[in-house]
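Here the structure comes first, spelled out in structure tokens, and everything after it is commentary.
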Amino acid sequence: MTLELGPNQQPAHTRHGSSIGQPLTRRDGFLKVTGTARFAADNHPPGMLYAALAVSSIARGRVVSLDVEAAKAHSGVVEVMTPLNRPALAADPDAKDHPFMFRLDLLQNDRVRYPNQSIAVVIAQTLEAATEGAALLSPRYEVLPARVGLDGAEGFVPRGVGVGGPAVQQKGDVEAGLESARTRIEATYETPAQYHNAMEPHAIVAAWDGDRLSIDTPSQGLAMAQGRIAGLFGIAPQNVHIRSPFLGGGFGSKGMISGPQVLGILAAKLVGRPVKLVLRREQMFGPVGHRAPTRQTLRMGMDGEGRLTAISHHARTTSSTFDDFFEPAADASHTLYASPAIATSHDAVRLDTGTPLFMRAPGEATGSIALESAIDEAAHACGMDPLEFRLRNYAEVEPMTGKPFSSKALRECYEQAAERFGWASRPLQPRRMRDADGFLTGWGMGTATFPAIMFQAEARAVLRADGSGLMETGAQDMGQGAWTAFAQIAADGLGLDIDQVDFRAGSSDLPNAGIAGGSGHTATAGMAIHNAGAAVIARLADLATGNEASPLFGAGNEGVLARGGRLYRRDDESRSESYADILARAGLAEIEGRGKGAPDPASQETYAKHAHGAVFAEVKVDPDLGQIRVTRLVGAFAAGRVINPRLVRSQYYGGMIWGVSFALHEEAVTDRRSGRIQNANLADYHVPVNADVPSVEALLVHEDDPHVNALGIKGVGEIGITGTAGAVTNAVWHATGVRPRRFPIRIEDMLG
Amino acid sequence: MRDFAYLRATSTEAARQAAALPGAMLLAGGTTLIDLAKCGVAEPETLVDITHLEGLDGIAVDERGAMIGALARMGHVADHADIKGRFPAVSEAVWQAASAQIRNMATIGGNLMQRTRCPYFRDPSNFSACNKRQPGSGCSAIGGVTRGHAVLGTSEACIAMYPGDLATALVAFDATVHLGERQLLVDDFFLLPGATPDKEHAIEPGEMITAVEIPASAAARRSTYLKVRDRQSYEFAAASAAVGLELEPDGRTIRDLRVALGGVATKPWRARAVEDALKGKVLEPDAVRAASLLAVEGAVDHGANHYKIELAPRVVARAILTLGEAA
Ligand SMILES: Cc1cc2nc3c(=O)[nH]c(=O)nc-3n(C[C@H](O)[C@H](O)[C@H](O)COP(=O)(O)OP(=O)(O)OC[C@H]3O[C@@H](n4cnc5c(N)ncnc54)[C@H](O)[C@@H]3O)c2cc1C
Ligand code: SF4
């Protein structure tokens, strides 16, 4: 199924002017609130069987035995897939042809390299039988001691961090900068492992027909998933059809196809019938990525006026023993604050965990909470207001590279958010404010930033004889509203009202829309859509302006405007013609156009491209009981053109609440003896509940960016976490005078 | 699939008889039991559904006290006007427990019988050692993740915390559990782990909770439940206190005081030492704080739960002082 609305499911859109910029409600809202949106696990092709994963209890070692007989003897169990009978693959799951090909556990052997690694798959008539079958396998292991924690193994400097950036970077002489400073600070912060935990677990329904494969599964990157699966099974990519109309959240964990999803495909192959496999919540803690823990040390020097003379930011992080992903936390210090000398470095240890992966603002989130805390400490050491200190060190060019910014309305963000929050009346010293109930009250701030990234995408547009339009691209709606925002861009690109455009996405047989990640989906696929629309309109304009019978004859391509299903003469809007009439005269049933979205290499070289924001937080801390409550959050963000303010605000809210979660709630707690995570469920792995976020405001700051892309779009998906976590932390300090350096901040840290 | 029999009880007597059979378990709201069955801790052969039994969901309050049927839903108890009026601590304990959805399903009987949240107890497929599940198998928690474990009433065999809020309020006000004919003080109904942590309640096979009775008292009428936790809602207590206070006519001298602790002990924990130290004394912050320290006398920590020893007396003191201020 692709994303399509039936006739009576069309929500009434009221709007004025063009579609872009309008606060339309989500086009999939009706389906979601009525429970009719069909997610991957809602599919039941005829003859489908259920698969359950058996996962390892241990962190490291070998599976010595599995009681396959017992499982098979269980009523309803059809087959048990182990390394012994797993269908052959065309590629080694441990091969790594490029940095974004992550190694998968696909029953290639008996080795265990992290807890909850797949060790067998039980396939049965019912989910219950499969689950019981998995329990009956009663694995026995040869156990090796688990390597756990930031000091759990020998440290080393990785070859690259994040998407492959250098682990160590510097400009200027940091030691000299520190030496010459009037004031210095040094502080070490620790952030915990976090797990994405989208509401929808990874799920797959796979069906083979000869060497053709049909899949329902949530994916943030359909074309990449298609390529990876095709490679593993040795079939042509076009033989793999993936439908992913809706994702119940992804946050990066559905960016790459995961091991368990491929096991669902293998299970279907083994039994020759469609198979459904859905991860249990606790199985989400291992094979589908996580945010690695970090320990970050920041050193800063300031001159007599509070100007930074040096920033040194070192981050230790962790990866798995068998693959490479390194949280680029220290890179946060590259872009925000001006300093003549900046040094960033990373080292890492390899642990018996699943491979960490991209998790919403990877590197930016972890780096930001440490950097913004350290900036706060530095401001205090200089006796300065934290906002004044940030303005004193405002970066007019990107600090690490010296490149000009393509646009940067951060000053406006600071101004508007501070004004709205009432920052001006903040006492400089901590522990000076109490509310009527005696709670210590604190105000803190943080700067938000996230790079404006673009990938590659394609789209196909069609204008039909009746003047309506079709726009197709394999874009992914993770709940963020992509389907709606893209339809808005499509409508404007085609010069049609939004209800005249049939927008299709969410399927791998559509043009490659790139990945819904890196906050780059709207910019990338949006540009492809925009360009596809423009290609159609250009052809249409050719037809009209070149034909004597048209009122637009002779206007030239540049001389016409497309709007509401008609072309108008720019210099005389009384002369116009409908799309349908132009096509009819030309005797065409439809015209097609294709468009691409990609970063512009020239502007890439010249400009630093980032979205920015400022977040202010108020917290209240019970002076005796240590309970911390966030009472107010105000953020202002500048991220280029806003396609849909309603959706953009939602992204900021969600990001900011995640920031609260980072500062105060989220943590995977590991049993150090076994290496197992002890709170692998949503009762114990805490994220904020409604009562934890009483008031969140996000202001949209106007920003025109002529360089990022023709639409001027940056990205809004991840930036909200950055800045916020630091703002909450700094507010806790301001309330109590206690400087949190270990996250999440807990009651015991406040008991003092 | 693991088959089990499902039986819908038609009378209390029938339910008791059915539940007396080996492998049988009572099913009320299911919010604890279904979870435990999913993670492999509970392996019932027969589920005896008691939710259709008539006459067990009543809430009756008069000047002598409150009688709450075992099948009364948590949500109803929390919202009941007379419970709020005469036993505010009970209402507050219940509405701060779990989530609105769970409170709408869960019953008072099931609530008392909820099991510990010790993560090792709840994970039999990965941790075989647990004396509560399997007597003599050892304790996986000791030396492991212990932030949520008890500091009071622990034994070498088990340090699991009793997580319920309601029972903490009940034990403060000398409530009794009705097991049909037989009645037990809540304090006696819950057992210390000692060498037999598998035995949590003084309930015998074939017995069933039919009601909870709370005697009226001036202290219960002036009472509160203070629950402290990292998250604002939907979290078990880091430490909690149910406190009731009665003052002499002079408005300052403590005539009666009830103190119980939650979130820190292996069973709902009555802190009589605090009560005794303050009864007959003038209610005064320093004296209250000093006496509250007695709440954790004999406490033993296991690393990460040390903070509970620090926190619990503060929670007690705050609750007493808050009640003292409320005229
Ligand atoms: C995520 C989560 C958070 C929670 N947070 C809290 C919290 O903050 N505070 C809190 O206090 N609780 C909390 N709870 C626990 C919740 O309150 C209990 O699950 C609930 O009260 C159990 O009631 P039930 O009717 O659903 O019991 P069931 O699950 O039906 O039964 C529980 C047990 O009691 C037995 N039983 C039931 N009725 C009787 C009876 N009449 N006589 C004898 N035995 C009986 C059953 O056999 C079973 O062993 C939480 C639960 C969850 C899942
Ligand atoms: S603390 Fe008690 S319940 Fe937890 S593992 Fe030890 S014995 Fe079992």
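The values are calculated or read from the model by the stated rules, or taken from the named source; none is laboratory data. Fair warning: this is a prediction, and the values are worked out from it, not measured in the lab. Every residue, glycine as well, gets a Cβ built from its backbone with ideal geometry; the counts of neighbours run over all protein chains shown. Keep in mind that these areas ignore ligands, DNA and RNA; they rest on the heavy atoms of the full protein, side chains included. Shrake-Rupley method; radii C 1.70, N 1.55, O 1.52, S 1.80 Å.
Tabulated data for the structure shown
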quantity	calculated
Complete set of residues in region B:235-280 that are polar (S, T, N, Q) and more than 14 Å from chain A (Cβ to nearest Cβ)	B:T253, B:T266
Index of the failed condition, B:S125 passing every other in (1) within 13 Å of ligand 2 (Cβ to nearest atom); (2) within 14 Å of chain A (Cβ to nearest Cβ)	(1)
Checking B:Y120 against (1) within 16 Å of ligand 2 (Cβ to nearest atom); (2) touching a residue at least 60 places away in the same chain (Cβ under 8 Å); (3) open to solvent by less than 50 Å² (accessible area, probe 1.4 Å); (4) within 14 Å of chain A (Cβ to nearest Cβ), the condition it does not meet	(2)
Top-ranked residue in region A:619-642 [being assigned to a strand (DSSP E or B) and more than 14 Å from chain B (Cβ to nearest Cβ); ranked as nearest to A:D705 (Cα to Cα)]	A:G640
Matching option when the condition is in contact (Cβ under 8 Å) with a residue 12 or more places away in the chain and open to solvent by 10 Å² or more (accessible area, probe 1.4 Å), among A:R299, A:R291	A:R299
Test: residue in region B:127-143 that is over 19 Å from the mean Cα position of the chain (by Cα), open to solvent by 10 Å² or more (accessible area, probe 1.4 Å) and within 14 Å of ligand 1 (Cβ to nearest atom)	yes
Residue list for region A:682-696, filter: more than 8 Å from every other protein chain (Cβ to nearest Cβ) and open to solvent by 50 Å² or more (accessible area, probe 1.4 Å)	A:L682, A:V687, A:P694
Test: residue in region B:151-165 that is in a loop (DSSP other than H, G, I, E, B), closer than 22 Å to B:S99 by Cα and within 10 Å of ligand 2 (Cβ to nearest atom)	yes
Residue in region B:230-239 that is over 30 Å from A:E667 (Cα atoms) and modelled with pLDDT of 95 or more present	no
Subset of region A:649-665 (residues that are within 11 Å of chain B (Cβ to nearest Cβ) and either among the charged types (D, E, K, R) or farther than 17 Å from A:P192 by Cβ (or both))	none
Any hit, region B:108-122, residues being among the hydroxyl-bearing types (S, T, Y), more than 15 Å from ligand 1 (Cβ to nearest atom) and at pLDDT below 95	no
Scope region B:31-49; condition within 16 Å of ligand 2 (Cβ to nearest atom) and assigned to a loop (DSSP other than H, G, I, E, B); matching residues	B:T32, B:C39, B:G40, B:V41, B:A42
Filter result for A:D477 (of a type in the set (D, E, K, R), in a helix (DSSP H, G or I) and more than 22 Å from A:R539 (Cβ to Cβ))	no
Qualifying strands (runs of 3 or more DSSP E) (wholly inside region A:114-175; at least 1 residues being within 22 Å of A:H290 (Cα to Cα))	A:118-124
Meets criteria (touching a Phe, Trp or Tyr at 6+ places or on another chain (Cβ under 8 Å) and either of a type outside the set (A, V, I, L, M) or at pLDDT below 95 (or both)) for A:D303	no
Top-ranked residue in region B:155-172 [being surrounded by fewer than 24 Cβ atoms within 10 Å (Cβ to Cβ) and more than 22 Å from B:T32 (Cα to Cα); ranked as farthest from ligand 1 (Cβ to nearest atom)]	B:E156
Only one of B:E63, B:E54, B:E92 that is away from every other protein chain (no Cβ under 14 Å), surrounded by fewer than 23 Cβ atoms within 10 Å (Cβ to Cβ) and under 15 Å from the mean Cα position of the chain (by Cα)	B:E92
Exclusive hit being modelled with pLDDT of 95 or more, of a type in the set (G, A, S) and crowded, with 20+ Cβ neighbours inside 10 Å, set B:G69, B:G30	B:G69
